[in-house]
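Structure, as structure tokens:
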Amino acid sequence: MNIENVELKYLTLEDYQELKDAMLETYSNLPNSYWTKDQLKLLMKKFPEGQVVIKVNGDLAGCAFSILVDYDKFDDHHTYKEITGDFSFDTHKFNGDVLYGIDVFIKPEFRGLRLARRLYDYRKELAEKLNLRGIAFGGRIPNYHKYQNELSPKEYIEKVKRKEIHDPVFNFQISNDFHPVKILKGYLEGDSASGEFAVLLEWNNIYYEKKSKKISPPKKVVRLGLIQWQMRLYKNMQELMQQAEYFIDAVSAYHSDFALFPEFFNAPLMAENNNLPESEAIRELAKYTPKIVQKFSEFAVSYNINIITGSMPELRDGLLYNVGYLCKRDGSSERYEKLHVTPDEQKVWGMQGGDQLKTFDTDCGKIGILICYDSEFPELSRLLADEGMDILFVPFLTDTQNGYSRVRYCSHARAIENECYVAIAGSVGNLPKVSNMDIQYAQSMVFTPCDFSFPANGIKAEATPNTEMILIADVDIDLLRGLNQFGSVKNLKDRRKDIFELNKIIALNK
């Protein structure tokens, strides 16, 4: 075919006769195989953007019709008659949250030109433009009648997915990112080719934003401020917090949304108790924690920045924990714990592992925080990813390059396998007057997944090793949404949940 022009246009009544002839040809085996002119007039009046035709060299080649529905008002067992309001389209709602496809076809002589893909792409763009949850429709399975006596609809669908049976309609839909939800029985009356079965197919709009009463929606581009902290001696807590405020001021001046401090950044305050056994000295350090958290909360508000306080020792019911606080710029704060303490923390300090694991809602989306050693246990970040985490923060403290490498490479793996950003921040320098905290090695970094929208090596930004400094990096949350839907590989979607499952014990996140 000599193609001179391909156009996607809104439906007009001038197309009616050509459209009717095409529908009679395409749906010859169905009763009521075409829309009346009055029905199309009503569709165009209610939702003109939802009715499009595609023309090749001026001739009608196909069409796609749709309505907007309040999807939660229909259960998963609806029929075509119910979803269209008995063909009256009274089910169309101006403020509906899902685009429901009621018809799409390409005339036989124009098939093989990927024209249907253009129609589906238009629907997706329209769903994004209107900020809809997604698209849904009942997909026919016109080859099912050949196998109806030997296969159930579910078995038929599974064989089609495994390429054991060819079904051009269903194969095309799943190749266009529509996922089957369930089998609809008695969906389209008179559709004997499909045994009156259909597959409920859905496409989720990854850019959908639930309408919020807040003035500012969640940010799409988030600026991270990492503080690579120099260990040095301080006269008192006030002097240490002056240094902390200096860095908060620096990263907030660049309009950062987060400031990330390292694990045990306040360890220099143990110098005044270095004459005590290590286990007692760190318990003395724990007495500063409530005051430090209060001060960070004040800084978060006054500098308009969310502060992740790294970690500090904390005594609860006589037990010592390694904890940190997320101090939000709205004045609230939340606590997180290190779940896996290192052998050294347990042996020298008598520290206990915590039992709380959760994501945190912020004005920049959902985040997770894992302290140092916890980043080396992939199950933890996977549980957080299942809860919708976009950014994982890892405050750490390592004394050797070996220890640092464990945190670095495990954190990088977490970014790839969980399709998220990971920011790590550590301390540098030495503390000769603090036992068990002699030297530190760090290189703070921001990791990304490894795909076309991200750096090829998966490193967004990196600090100079073993140098006191700040690191500023922007991360685009929308890129994660695109990766999840269109990535070269889809680590989250492709997990074999049919052969393994990860469960969070109820005690966690209590």
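The values are calculated or read from the model by the stated rules, or taken from the named source; none is laboratory data. Here the structure is a predicted model, which means the values were calculated and not measured. For neighbour counting, all protein chains shown are included, and Cβ atoms are generated from backbone atoms with ideal geometry for every residue, glycine included.
Things to note:
- Meets criteria (in a helix (DSSP H, G or I), hydrophobic (A, V, I, L, M, F, W, C) and either outside the structural domain of S435 (by TED's automatic domain parsing) or in contact with a helix residue (DSSP H, G or I) (Cβ under 8 Å, 6 or more places away or on another chain) (or both)) for V341: no
- Residue match in the stretch 75-93 (condition: exposed (fewer than 14 other Cβ atoms within 10 Å of the Cβ), basic (K, R) and without any contact (Cβ under 8 Å) to a residue 40 or more places away in the chain): no
- One residue stands out in the stretch 407-462 among those that are over 30 Å from N275 (Cα atoms) and among the β-branched types (V, I, T): the one that is farthest from the chain's Cα centre (by Cα), namely V407.
- Qualifying residue in the stretch 455-469 (condition: over 16 Å from S411 (Cα atoms) and assigned to a strand (DSSP E or B)): yes
- Yes/no for S212 being hydroxyl-bearing (S, T, Y), under 30 Å from Y34 (Cα atoms) and at pLDDT below 85: no
- Of the candidates E14, E25, E7, E18, the single residue that is out of contact with any strand residue (DSSP E or B) (no Cβ under 9 Å at 6 or more places or on another chain), at pLDDT 90 or above and acidic (D, E) is E14.
- Residue match in the stretch 414-426 (condition: surrounded by fewer than 20 Cβ atoms within 10 Å (Cβ to Cβ), assigned by TED's automatic domain parsing to the domain that holds N273 and touching a strand residue (DSSP E or B) at 6+ places or on another chain (Cβ under 7 Å)): no
- Of residues in the stretch 317-334 being in contact with a strand residue (DSSP E or B) (Cβ under 6 Å, 6 or more places away or on another chain) and surrounded by fewer than 16 Cβ atoms within 10 Å (Cβ to Cβ), the one farthest from F265 (Cα to Cα): L319
- Any pair with Cβ under 7 angstrom, 6 or more apart, that starts in the stretch 223-235 at a residue that is within 10 Å of S444 (Cβ to Cβ) and ends at one that is of a type in the set (K, R) and modelled with pLDDT of 95 or more: none
- Odd one out for E196 among (1) surrounded by fewer than 15 Cβ atoms within 10 Å (Cβ to Cβ); (2) modelled with pLDDT of 90 or more: (1)
- The stretch 158-168, residues that are in contact with a helix residue (DSSP H, G or I) (Cβ under 9 Å, 6 or more places away or on another chain) and either part of a helix (DSSP H, G or I) or more than 15 Å from A198 (Cα to Cα) (or both): V160, K161, K163, E164, I165, H166
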